[in-house]
């Protein structure tokens, strides 16, 4: 079939041309996903991080001592005690960590979300202050991130309770659970969530199958 004819064919004609085997394989394509781990106990997370750093310092020190044909039994014993404590704290931290799974919403839904959150004239002027040639984002950076995370987060399901708000022009889908997160979490946590949501919706996974 010529390229012109391929461009004119309908989806059903294309499916028949590709055959059931190809069609079935295409249906198996899964949405890209990514997980973000959010500690629910910051003090515990800090203790784990500090203890990991201490253990690493002990290991480096002891390796240097052994390299000089020496030994430090007290430091070795102290490190081993820290390692055991670290195991316990890590297990406790795993139980106090929220794992958020984000999945691509698909091209059409992503583009719809972008259209629901356009930059206003005032926002464009603000972003261009001092730099008239600045590249502007395709979306409103104040409202789009929460919406994208709300639509993309499937574990836990942040789309629960979502609704279309007609008071905006254009109307936009509101995600109350995601908006609450945006009001209460710190900027670093929000950046991690939005980055994950943005990546699963805009980036492709690269697989190197090798030459052989």
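The values are calculated or read from the model by the stated rules, or taken from the named source; none is laboratory data. A quick note: this is a predicted structure, and the numbers were derived from the prediction, not measured. Glycine gets a Cβ as well: all are built from the backbone with ideal geometry, and neighbour counts include every protein chain shown.
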Helices (runs of 4 or more DSSP H) contained in the range 105-178 and holding at least 1 residues closer than 27 Å to residue 31 by Cα and touching a strand residue (DSSP E or B) at 6+ places or on another chain (Cβ under 8 Å): 107-116, 144-152
Sole residue being closer than 29 Å to residue 178 by Cβ, surrounded by 10 or more Cβ atoms within 10 Å (Cβ to Cβ) and free of Cβ contacts under 8 Å to residues at least 12 places away in the same chain, chosen from 56, 111, 80, 92: 111
Subset of the range 151-179 [surrounded by fewer than 15 Cβ atoms within 10 Å (Cβ to Cβ) and within 18 Å of the chain's Cα centre (by Cα)]: 155, 156, 157
Any chance residue 98 is under 27 Å from residue 36 (Cβ atoms), in contact (Cβ under 8 Å) with a residue 24 or more places away in the chain, surrounded by 12 or more Cβ atoms within 10 Å (Cβ to Cβ) and touching a strand residue (DSSP E or B) at 6+ places or on another chain (Cβ under 7 Å): no
Residue check, residue 87 surrounded by 12 or more Cβ atoms within 10 Å (Cβ to Cβ), without any contact (Cβ under 8 Å) to a residue 60 or more places away in the chain, in the same structural domain as residue 53 (by TED's automatic domain parsing) and part of a helix (DSSP H, G or I): no
